[in-house]
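Trainee: Pasting a structure here, questions to come.
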Amino acid sequence: MNWSLFWDLTVSGLTLGSVYALIALGYTMVYGILKLLNFAHGDVYMIGAFMGWFALHWLGGPVNPSATAWLVVVLMFLFAMVACGGLGVAIERFAYRPLRNAPRIAPLISALGVSFFLQNSALLLFGASFRDYDTFHLIGAKTYNYKDIFLSVPQLLTIVSAIGLMIGLTLLVARTKIGKAMRATSFDREAASMMGIDVDRVIASTFFIGSALAGAAGVMFALVFGQIYHFMGFLAGLKGFTAAVIGGIGSIPGAMLGGLLVGLAESYATGYLPQGSTFQNLYVFALLILIILIRPSGLLGKADVKKV
Amino acid sequence: MRRRATAIAAVLALAALAIVAAASAKVDRAAAPSATASADRQLVSCGKTVTMGMLAPITGPAASLGKLQTDWAKFYVAAHNKVKKNKHKLRVQFGDTVLGGPGGTAEAVKAAQSLGSNVLGTIGPAGSNEVRATTATLKNAGLAFVSGSATNTELTTDGTRTNFFFRTVPPDSAQGTSVANFIDKKLKFKRVYIIDDQEAYSTGLADTVQQKLRAAGVTVSRDGVSQQQSDFSSLIAKIPRDTQLVYLPWQLPPKGKAFGDQMRSAGKGSIILMGSDGLFDDAFASLGGVYASSFPTSGTHPVVKAFRKAHGGDAEFFGAPSYVAAQVVGGAIDRACKDGKASRAEVRAQVRKTNLKKTVLGLNVRFNAQGDIRGGQFGIWKATSAGTFLPVG
Amino acid sequence: MAATQPLLALRGVSKSFGGLTVISDLDLHVDEGEIVSVIGPNGAGKTTLFNIITGVYRPDEGEILLEEQSIVGLDPHQVTNRGVARTFQTLRLFLNMSVRENVMAVQYGRTKSSPFEAMLRLPRARREEREIRQRAEEKLSFFGQRLVGYRWDQPAYSLSYANRRRLEIARAMATEPRILLLDEPAAGMNPAETQEITELIGKLREEGRYTILVIEHDMHVVEGISDRVVALDHGVKIAEGSFDAVATDPRVIEAYLGLRKAETK
Amino acid sequence: MADELTPQVPPDQPRIGVDEWVASVEGKRERYRGPVGWLRRGWDTAPAGARLLAFVIPAAIFPLVTTEGNLFRYGLITLLYALLGLGLNVTVGFAGLLDLGYIAFFGFGAYTYGYVASVHTGHHWPAVPAILLAIAVAALIGFIVGFPSRRLVGDYLAIVTLFFGQAFVVFVNNGDRINFWPFNRTDLTGGANGLDNIDPLKLFGWTVNTTKEYYWFTLGAFLLVIILLYLVSESRTGRAWKALREDPLAAEVMSMPVNRLKLMAFVFGAAIAGFAGAIYGSVQTGAFPGDFDVGLLITIYAIVILGGAGSLAGVIVGALVVNGVPELLRDPNQAEWVFYTALVLLVLTKVRPWQKLVTVVGGTLALGFALVAIADAWFPRWTAGEPNTGKLAHWVSHWMLLPSHATQIANWAYALTIALILVLTLLRGWWRTIVMIPTIYVGAFAWENLLVEQTVGATRFLLLGALLVVLMNARPQGLFGTARVEIV
């Protein structure tokens, strides 16, 4: 066994997995409450990456940041998260709320419209060229290691902040009043509204949180992998959706687990399987099918109980 | 009851009819391109402005490539229109082929079909499969189409497009041979890793290089990675540390740069990277020490200098062949318009006769019977630590 | 035991979900032309009983015989094709189809023509289509003014609650069942409508010659229609017989009033 | 039938069952007044043949009055997408199965046709057997995929089929290097280059060659399929599909073999996709891996759902909108007309009463002329920009500011427009009217200075996206769908 390869793959899988997990969280939270697949979510993530870039450049750019690198990174995250959160709320308000009682498939197309709109607005406003975060200049190319395990700073940052955000989210959902309201609403929207919960507000906050996480994921991704462009949300959205389903759509810990699992699966498939990178998507989807066949409602999802 | 319904349906039908009729009333039917052989002999008065088409990916995942190409083409047109002695100004009608987008190659065909009847010749399309899909349309319309990036070898050798299709980049076979020879003979490397980007351009090139290298006894590993991905770390982890060179026949320089950065942060920065012409760009060169194959262009060419200056210091080399393509089409139109009128057939004949000296590609551009550049060769370039490519072979 | 073979017979049927026994060792029979009511408190396993008979659930043990032939293990649609049709306690109409279409759709199992025959409008498809439509209208007419005329072409969701119940019954009738299982037909109805349903069930037997197994909570309905009453509690049959006998059975009263259980099994 | 709409309940009987439900349904029917209502009721009551005619007549006249290019862009591709939409309508619209691998069947059709009729393989089958084979292969694959999937529901079915779609793309992308029995070193798919030089359709001595001929052929194919599907949808099978979509469990208990019906819907959809694929392959003269990716799937879904899932007429309208709108906007001059016509129509139809209408129109015009006059006098740079070519643009330039270096300002104006539109939807009454004036002006400013230059590119898709959101909001059931009730 080549342990060095194994650890390399694990680290890369965990990094990517953290990003997927954060995207999947947005999918799963919205699904949990509205039973809606928000296909525009990947594009919110793209906008997040751009917002991070703008924040970085307003703060003087990667080469000569006007504050210490760590502060800049924190501000980038904050700006991207707030901007995306706001965007999420606006999308919900104008594209989904009017469709709340429509057939389930209608908001899907509305989401698609939003996705077209965001993608091409980004193309129009930000241009077609790739933009570079130049992370090396910002936080250096330093690599930490413990024996065979190598971790670059951005990787470390990604994994740690993803874990932090997930813990924060879990606490929020489990402990706070709004978290309780969210759980109640996802359990039974009508009943919740009869119990005096302001369902509109709960849904809006869900969108805010989910989209803010996507924004954070966008910044993280760009910090580790460098380039951003208008079309980057498409693939990430697809992967996030996959992760959410693997984990059991609607389940918050499931999304985290699913994200990490998809990330690791991609990484190991690339590293260990024949033509792994070429057939990466196939391998990952095969895993997904396997999981669905064994646990039809995802790893941590609850099976729907149908009353006859 | 039933009668009323039928009446309503009839009214509906009439209304729809009226809309269609109104919508198409203004169509200039006489000038419509059609399949009849005479259409391409139709004379268009050149007047003050003449129009050429350009098919490029303006939206969609490959929009960044389209931008490089259109930037260069526009640069040519602007330069052309500034020259006083040119009797007429050039105008470009762009068509968005949405390469890699939702509509597939049908979008490219739609873009080709949208070219107006006043278009005399066209630049593009960018991708080899787009060239294949639009061939019937462009041939039927009698248009010459000159691509600056479709490198698939068979496009010219299969004989379907002769006298219609031309390209200002050498085909994969030429590039692949130069690259394989350089790795084998000059660098004398024995362990090479090839990663294609799963698109027609890339796999063709990778196949050629792989085949030639294997024949020369070099150990070649092969993998592929999607254009839409930015995470290469797991792929990098898989590359053996004793690999001497990784060959990346890719089209997106930023991705090449990301790959290099990720190689470095994985502690494999000592492995040499080599890109194809698609990566011949400042972004990739900024990694330093990397190789790329390209036409023997030079940064000191006045046009390149001027372009660089106009575009914030970025030479966007990937688009340079589209400049030449614009030069080819524009020049052909100019010559065909000498008598004040031109037809598409004339323009085609003039494209065929193109003879450009010292183009930005560093080549003289003349076409052979199949539509390829005569003597079109690729040179190999190496980036200095400061990030500029210098010719090494 | 009746002299003739029962139309439907359950022998020693048990069903449990994850350790919770819902039906335990149940014997039940329904004779041709009979109306049998199943009563019992909530959670007694009545609806589960229907689900087992119609093949939605498979019994853990025991046999279900329809005219001496086992129907255990058949898919629900096969059971229906053998002649068992049901209504649902929670009303499961095809809400966005028209009233007539609801009754036409369920004749799928009775007809044979393939989609290709429909495409080419071959004689068999045309004939069947005519028959389906006729039968649908005939069944709907059974309910007199309630479901006729202009309502045929309205979507099912536009019907009132009571009419939806009627439509469900019409739908079940259209499969031409030997035995009709009605799951709380009078639930949620006002007294006038309940009275109407009671009369309707009587009419179903008199005019439609259906054999009926009915779950009902409303004791007036049960009294009005039943030839025989079966009382269930916790999946066990605790009494069987005429309405008067069952209604006065101490165990039934105990079960309904929720008194502590005696040493009964 | 309209005469029967009035309840025929004798006045002395209690109106049991005639409750607010019925009233509301009838109310909805009558809500549309004037010509719109007349058209809607007419459409609802017209026999199927007449409805089809309303489509066929313009479709048949279209090729006679237009150019080849327009025929391809607006006609042929719309028809092809509509044909594809018909197939998806069977699986998604009729049977309610979320099939995300649908485009793969389209691909199988194109590749099968290409395999038996192209230079690539050297076979040159005539169209009829080749198309039949393509349909058969697609249907067979549909059966194979549908078989294990039929027990899955909803989003899980979606994921499994999505996998199949992805697998197809990977397969064709690498299908030139398959090296195991029985495909030892056969080049099945041409790899990333796809199958090139696919033959035109050859039908009994008639070779379909020009766009016009392809249009006629595809129109014929489309009519055939839509008529057959209509007949099926009105048969026992069609009703069973609809019942299955409504309530699978009730359908199963009510004598319908749900699993078999699902499989049938799958196979039907796949077969139609295969048919469309074969035509597409010959139109494109090639089958390329990138053509059969998720992107097209999304487009076809948009067509079916926008038109109204389950509605055959809706598919046509959906295809017209989704394919036609971006094409209409491709040419800047045309886009200019479309933009201002839409704007004027929107204001004319939506702003009531006339006092507000006058305010909006007058205010916007006055604002524009005033700004231009002020700028001309004191800030000449704000009017120094070149108007775009085209008569309309020239005319508009008297009303609109055109700064010489507009990019940055226009970007902000674009963002501001979006914000203003969002604010507008929150306002009511006179405030709304007043905010509408700057909204229209800023929007038109962004249009003139930024969007119109990009109509060939980003603008048209951006507007399509916005249109999708607006249309779905206005009619969640789709343009031709009937309002559905999910849970009561």
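Trainee: Evaluate the following for D:Gly286: is it surrounded by 24 or more Cβ atoms within 10 Å (Cβ to Cβ), more than 14 Å from chain C (Cβ to nearest Cβ), within 26 Å of D:Asn197 (Cβ to Cβ) and not polar (S, T, N, Q)?
Mentor: Working: surrounded by 24 or more Cβ atoms within 10 Å (Cβ to Cβ): yes; more than 14 Å from chain C (Cβ to nearest Cβ): yes; within 26 Å of D:Asn197 (Cβ to Cβ): yes; not polar (S, T, N, Q): yes.
Yes, satisfied.
Trainee: Let me ask something else about it. If you check D:Trp412, D:Trp447, which single one turns out to be assigned by TED's automatic domain parsing to the domain that holds D:Val372 and in contact (Cβ under 8 Å) with a residue 60 or more places away in the chain? Please lay out each step first, then the result.
Mentor: On the way: D:Trp412 fails: in contact (Cβ under 8 Å) with a residue 60 or more places away in the chain.
Going through D:Trp412, D:Trp447 in turn, the sole match is D:Trp447.
Trainee: Within the range B:298-307, can one find any residue that is among the small types (Gly, Ala, Ser) and farther than 30 Å from B:Cys46 by Cα? Quick ask: steps written out before the conclusion?
Mentor: Keep residues of the range B:298-307 that are among the small types (Gly, Ala, Ser), which gives B:298-299, B:306.
Right, trim to farther than 30 Å from B:Cys46 by Cα and you get B:298-299.
Yes: the range B:298-307 contains one or more residues that are among the small types (Gly, Ala, Ser) and farther than 30 Å from B:Cys46 by Cα.
Trainee: May I pose another question? Return the residue satisfying two criteria in turn: it lies in the range C:116-147 and is touching a Leu at 6+ places or on another chain (Cβ under 7 Å) and within 9 Å of another protein chain (Cβ to nearest Cβ), and of such residues it is surrounded by the fewest Cβ atoms within 10 Å (Cβ to Cβ).
Mentor: First, the residues of the range C:116-147 that are touching a Leu at 6+ places or on another chain (Cβ under 7 Å): C:118-119, C:121, C:140, C:147.
Those left that are additionally within 9 Å of another protein chain (Cβ to nearest Cβ): C:118-119, C:121, C:147.
Working: C:Ala118: 23, C:Met119: 18, C:Arg121: 12, C:Leu147: 23.
Taking the candidates together, the pick is C:Arg121.
Trainee: Testing C:Glu101 on (1) over 28 Å from C:Glu216 (Cβ atoms); (2) within 10 Å of chain D (Cβ to nearest Cβ); (3) surrounded by fewer than 19 Cβ atoms within 10 Å (Cβ to Cβ), one condition comes back false. Which one is that?
Mentor: Among (1) over 28 Å from C:Glu216 (Cβ atoms); (2) within 10 Å of chain D (Cβ to nearest Cβ); (3) surrounded by fewer than 19 Cβ atoms within 10 Å (Cβ to Cβ), the lone unmet condition for C:Glu101 is (3).
Trainee: Among the numbered criteria (1) buried (at least 20 other Cβ atoms within 10 Å of the Cβ); (2) closer than 30 Å to B:Ala310 by Cα; (3) more than 8 Å from every other protein chain (Cβ to nearest Cβ), which single criterion is violated by B:Ser128?
Mentor: (3)
Trainee: Can I ask one more? Kindly indicate which of D:Leu420, D:Leu464, D:Leu479, D:Leu450 is out of contact with any Ser or Thr (no Cβ under 8 Å at 6 or more places or on another chain), closer than 29 Å to D:Ser397 by Cα and not β-branched (Val, Ile, Thr). Reasoning before the result, please.
Mentor: Working: D:Leu420 fails: out of contact with any Ser or Thr (no Cβ under 8 Å at 6 or more places or on another chain); D:Leu479 fails: closer than 29 Å to D:Ser397 by Cα; D:Leu450 fails: out of contact with any Ser or Thr (no Cβ under 8 Å at 6 or more places or on another chain).
From the options D:Leu420, D:Leu464, D:Leu479, D:Leu450, the qualifying one is D:Leu464.
Trainee: For the range D:370-387, give me the residue count where each residue is outside any loop (DSSP other than H, G, I, E, B), surrounded by 12 or more Cβ atoms within 10 Å (Cβ to Cβ) and aromatic (Phe, Trp, Tyr).
Mentor: The number of residues fulfilling the criteria is 1.
Trainee: Determine whether B:Ile239 is farther than 30 Å from B:Val347 by Cβ and within 14 Å of chain A (Cβ to nearest Cβ).
Mentor: Taking the combined requirement at face value, the residue satisfies it.
Trainee: Here is a further query. Would you check if there is a residue in the range C:50-65 being at the interface with another protein chain (Cβ under 8 Å from one of its Cβ atoms), surrounded by fewer than 17 Cβ atoms within 10 Å (Cβ to Cβ) and within 16 Å of the chain's Cα centre (by Cα)?
Mentor: Within the range C:50-65, not a single residue is at the interface with another protein chain (Cβ under 8 Å from one of its Cβ atoms), surrounded by fewer than 17 Cβ atoms within 10 Å (Cβ to Cβ) and within 16 Å of the chain's Cα centre (by Cα).
Trainee: When the range B:300-342 is examined, which residues are found to be touching a helix residue (DSSP H, G or I) at 6+ places or on another chain (Cβ under 7 Å), at pLDDT below 90 and surrounded by fewer than 22 Cβ atoms within 10 Å (Cβ to Cβ)?
Mentor: Once the filter is applied, which keeps residues that are touching a helix residue (DSSP H, G or I) at 6+ places or on another chain (Cβ under 7 Å), at pLDDT below 90 and surrounded by fewer than 22 Cβ atoms within 10 Å (Cβ to Cβ), the range B:300-342 yields B:His311, B:Asp314.
Trainee: Got a sec? Which of D:Met436, D:Met400 is more than 13 Å from every other protein chain (Cβ to nearest Cβ), part of a helix (DSSP H, G or I) and surrounded by 16 or more Cβ atoms within 10 Å (Cβ to Cβ)? If you could, list the steps in order and put the result at the bottom.
Mentor: Values: D:Met400 fails: part of a helix (DSSP H, G or I).
Unique residue meeting the criteria: D:Met436.
Trainee: Let me ask you something else. Could you list all residues from the range C:70-90 that are surrounded by fewer than 23 Cβ atoms within 10 Å (Cβ to Cβ), closer than 19 Å to D:Arg239 by Cα and more than 7 Å from every other protein chain (Cβ to nearest Cβ)?
Mentor: Selection gives C:Gln78 alone.
Trainee: Right, here's the next one. Is there a residue being surrounded by fewer than 24 Cβ atoms within 10 Å (Cβ to Cβ), among the charged types (D, E, K, R), within 12 Å of the chain's Cα centre (by Cα) and closer than 23 Å to B:Val131 by Cβ anywhere in the range B:73-84?
Mentor: no
Trainee: Could we say that C:Glu196 is without any contact (Cβ under 8 Å) to a residue 40 or more places away in the chain and in a helix (DSSP H, G or I) here? Walk me through how you get there before you give the answer.
Mentor: Working: without any contact (Cβ under 8 Å) to a residue 40 or more places away in the chain: yes; in a helix (DSSP H, G or I): yes.
So C:Glu196 fits the description; yes.
Trainee: Can you list residue pairs whose Cβ atoms sit under 6 Å apart, with the first residue in the range B:243-255 being farther than 21 Å from A:Gly226 by Cα and in contact (Cβ under 8 Å) with a residue 12 or more places away in the chain and the second being of a type in the set (A, V, I, L, M, F, W, C) and buried (at least 24 other Cβ atoms within 10 Å of the Cβ)? Count only pairs 6 or more apart in sequence or on different chains.
Mentor: B:Leu245/B:Val192; B:Leu245/B:Met274
Trainee: Name the residue, out of C:Pro185, C:Pro177, that is assigned to a loop (DSSP other than H, G, I, E, B) and touching a Phe, Trp or Tyr at 6+ places or on another chain (Cβ under 8 Å).
Mentor: Working: C:Pro185 fails: touching a Phe, Trp or Tyr at 6+ places or on another chain (Cβ under 8 Å).
C:Pro177 is the lone residue from the list that is assigned to a loop (DSSP other than H, G, I, E, B) and touching a Phe, Trp or Tyr at 6+ places or on another chain (Cβ under 8 Å).
The rows are residues; the columns are (1) closer than 14 Å to D:Tyr111 by Cα; (2) modelled with pLDDT of 90 or more; (3) assigned by TED's automatic domain parsing to the domain that holds D:Ala273; (4) over 28 Å from the mean Cα position of the chain (by Cα).
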residue: D:Leu132; (1), (2), (3), (4): yes, yes, yes, no
residue: D:Ala136; (1), (2), (3), (4): yes, yes, yes, no
residue: D:Phe143; (1), (2), (3), (4): no, yes, yes, no
residue: D:Ser149; (1), (2), (3), (4): no, no, yes, no
residue: D:Tyr156; (1), (2), (3), (4): no, no, yes, no
residue: D:Thr161; (1), (2), (3), (4): no, no, yes, no
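Trainee: On the basis of being within 13 Å of chain A (Cβ to nearest Cβ) and in contact (Cβ under 8 Å) with a residue 60 or more places away in the chain, does B:Gln198 make the cut?
Mentor: Details: within 13 Å of chain A (Cβ to nearest Cβ): yes; in contact (Cβ under 8 Å) with a residue 60 or more places away in the chain: no.
When the stated conditions are applied, B:Gln198 does not pass them.
Trainee: Same structure again: Whether any residue in the range B:318-328 is within 14 Å of another protein chain (Cβ to nearest Cβ) and either assigned to a helix (DSSP H, G or I) or of a type in the set (A, V, I, L, M, F, W, C) (or both) is what I want to check.
Mentor: First, pick out the residues of the range B:318-328 that are within 14 Å of another protein chain (Cβ to nearest Cβ): B:318-319.
Still in the list and also either assigned to a helix (DSSP H, G or I) or of a type in the set (A, V, I, L, M, F, W, C) (or both): B:318-319.
Within the range B:318-328, one or more residues are within 14 Å of another protein chain (Cβ to nearest Cβ) and either assigned to a helix (DSSP H, G or I) or of a type in the set (A, V, I, L, M, F, W, C) (or both).
Trainee: Would you mind listing the helices (runs of 4 or more DSSP H) fully within the range D:243-318 where at least 1 residues are in contact with a Pro (Cβ under 7 Å, 6 or more places away or on another chain) and small (Gly, Ala, Ser)? Reasoning before the result, please.
Mentor: On the way: elements: D:248-253, D:258-284, D:294-307.
Result: D:258-284, D:294-307.
Trainee: Could you list, in sequence order, the residues of the range A:7-31 that are more than 9 Å from every other protein chain (Cβ to nearest Cβ), of a type in the set (A, V, I, L, M, F, W, C) and either more than 26 Å from A:Ile249 (Cβ to Cβ) or crowded, with 24+ Cβ neighbours inside 10 Å (or both)?
Mentor: A:Ala21, A:Leu22, A:Ile23, A:Ala24, A:Leu25, A:Met29, A:Val30 - these are the residues of the range A:7-31 that are more than 9 Å from every other protein chain (Cβ to nearest Cβ), of a type in the set (A, V, I, L, M, F, W, C) and either more than 26 Å from A:Ile249 (Cβ to Cβ) or crowded, with 24+ Cβ neighbours inside 10 Å (or both).
Trainee: In the set B:Asn140, B:Asn163, which member is polar (S, T, N, Q), farther than 30 Å from D:Val170 by Cβ and either surrounded by fewer than 21 Cβ atoms within 10 Å (Cβ to Cβ) or touching a Phe, Trp or Tyr at 6+ places or on another chain (Cβ under 7 Å) (or both)?
Mentor: B:Asn163
Trainee: Taking the range B:48-60, which residues are more than 20 Å from B:Leu143 (Cα to Cα) and crowded, with 24+ Cβ neighbours inside 10 Å?
Mentor: B:Ile58, B:Thr59, B:Gly60, listed by residue number.
Trainee: Looking only at the range C:136-158, filter to residues that are assigned to a helix (DSSP H, G or I) and in contact (Cβ under 8 Å) with a residue 40 or more places away in the chain; which one of those is nearest to the chain's Cα centre (by Cα)?
Mentor: Initially, the range C:136-158 is screened for residues assigned to a helix (DSSP H, G or I), giving C:136-141, C:144-147, C:149-153, C:156-158.
Now restrict to residues that are in contact (Cβ under 8 Å) with a residue 40 or more places away in the chain: C:140, C:147, C:151-153, C:156-157.
Values: C:Leu140: 17, C:Leu147: 20, C:Arg151: 24, C:Trp152: 23, C:Asp153: 25, C:Ala156: 20, C:Tyr157: 21 Å.
The qualifying residue nearest to the chain's Cα centre (by Cα) is C:Leu140.
Trainee: Between a first residue in the range B:48-59 that is within 11 Å of chain D (Cβ to nearest Cβ) and without any contact (Cβ under 8 Å) to a residue 60 or more places away in the chain and a second residue that is in a strand (DSSP E or B) and crowded, with 24+ Cβ neighbours inside 10 Å, which pairs have beta carbons less than 6 Å apart while being 6 or more apart in sequence or on different chains?
Mentor: B:Ile58/B:Asp96; B:Thr59/B:Asp96
The values are calculated or read from the model by the stated rules, or taken from the named source; none is laboratory data. Nothing here was measured: the structure is a model prediction, and the numbers come from that model. Please note: Cβ atoms are built from the backbone with ideal geometry, for glycine as well, and neighbour counts cover all protein chains shown.
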